[in-house]
1. For the range 39-55, enumerate the residues that are in a loop (DSSP other than H, G, I, E, B) and within 21 Å of the chain's Cα centre (by Cα).
2. Given the residues 224, 217, which is the only one that is more than 15 Å from residue 112 (Cβ to Cβ), at pLDDT 95 or above and either assigned to a strand (DSSP E or B) or out of contact with any helix residue (DSSP H, G or I) (no Cβ under 9 Å at 6 or more places or on another chain) (or both)?
3. Could you list all residues from the range 257-272 that are in a helix (DSSP H, G or I) and either over 17 Å from residue 193 (Cβ atoms) or out of contact with any strand residue (DSSP E or B) (no Cβ under 9 Å at 6 or more places or on another chain) (or both)?
4. Look at the range 296-320 and say how many of its residues are more than 12 Å from the chain's Cα centre (by Cα), more than 12 Å from residue 272 (Cα to Cα) and at pLDDT 95 or above.
5. Kindly indicate whether any position in the range 267-281 is within 21 Å of residue 183 (Cβ to Cβ) and free of Cβ contacts under 8 Å to residues at least 40 places away in the same chain.
6. List pairs: first in the range 287-299 and on the phi < 0 side of the Ramachandran plot and in contact (Cβ under 8 Å) with a residue 24 or more places away in the chain, second surrounded by 17 or more Cβ atoms within 10 Å (Cβ to Cβ) and in a strand (DSSP E or B), Cβ under 6 Å, 6+ apart or cross-chain?
7. Could you name every one of the strands (runs of 3 or more DSSP E) located completely within the range 93-181 that has at least 2 residues being within 20 Å of residue 316 (Cα to Cα) and touching a strand residue (DSSP E or B) at 6+ places or on another chain (Cβ under 9 Å)?
8. If you take the residues of the range 149-179 that are touching a residue at least 60 places away in the same chain (Cβ under 8 Å) and surrounded by 19 or more Cβ atoms within 10 Å (Cβ to Cβ), which of them is farthest from residue 125 (Cα to Cα)?
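The values are calculated or read from the model by the stated rules, or taken from the named source; none is laboratory data. Not measured: the values here are computed from a predicted model. Note that each Cβ is placed from the backbone with ideal geometry, even for glycine, and that neighbours are counted across all protein chains shown.
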């Protein structure tokens, strides 16, 4: 049962809480459930498209903000929640030389590891956090194609890229599910941080974060994720790498979607084992309720939320043969 401290959680949908009891290991439940209640640390990246890390840190030191370095992630730092407003009032933030982004959100681009001579596809790009990170990792060289279907989010993406200095990105207001029809086998690396039920962002003090959650919504997301992943695989060249991620806990949206892909393309795909020296990482679930998943989903990673990181799911795949 939930601990006594979780009475406030009862504002969240009861079916969601019951599912979480089954998904989360018993020794991690208190940490995970607290993430829906407590205010997290504010993490940010140094935007190396506009400033060098050493220069930015010197400026931050002069501001007297108590900034903590994230040792295992380049250019990543954090401040306690009480200093979030002060951070956003700095010239660094106003000049777009730092970018506020949760640590979990930074991991998919790091695992994709694009280089300056590669052609990269960001298949669900808005608002642009990961697109900007990819551009910085590539030093504004190579080429990124960023896709966003929703027009309002498309313009937000364009604005973010412009303000933060990304110059190697071509942006398209189109449906990512059909990209493969024009660009089959053309990309070296693909990132798909898929639309999802956003369960890891639920907050008990903000009803809007969970108002529309339902199992119907989860199933709707699964259909969309599956179509986007199909498009991504078809757009990837043989030998190329794909990262699939969500900020959902739902196995249906995570291991279940990867399982579907492996059932369809298993002879042409390899799910790569992932390891990161982070204590809140767990391997993918190979079974959910009565459903057994493809054994390779155990190579995926689940990030269980804590004060620094949102809940996240990440899978890395390599295309080994032509797909049809």
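1. Residues satisfying the conditions are 39, 40, 41, 47, 48, 49.
2. 217
3. Listed by number, the residues that qualify are 259, 260, 262, 263, 264, 265, 266, 267, 268.
4. Of the residues in the range 296-320, 2 are more than 12 Å from the chain's Cα centre (by Cα), more than 12 Å from residue 272 (Cα to Cα) and at pLDDT 95 or above.
5. Start the filter on the range 267-281 by keeping residues that are within 21 Å of residue 183 (Cβ to Cβ), which leaves 268-269.
Now restrict to residues that are free of Cβ contacts under 8 Å to residues at least 40 places away in the same chain: none.
For the range 267-281, residues within 21 Å of residue 183 (Cβ to Cβ) and free of Cβ contacts under 8 Å to residues at least 40 places away in the same chain: absent.
6. Close Cβ pairs (under 6 Å, with a partner that is surrounded by 17 or more Cβ atoms within 10 Å (Cβ to Cβ) and in a strand (DSSP E or B)) amount to 296/271; 299/271.
7. Numbers: elements: 98-100, 119-122, 143-147, 169-172.
Because the criterion is at least 2 residues that are within 20 Å of residue 316 (Cα to Cα) and touching a strand residue (DSSP E or B) at 6+ places or on another chain (Cβ under 9 Å), the strands (runs of 3 or more DSSP E) in the range 93-181 that meet it are 119-122, 143-147.
8. My answer is 164.
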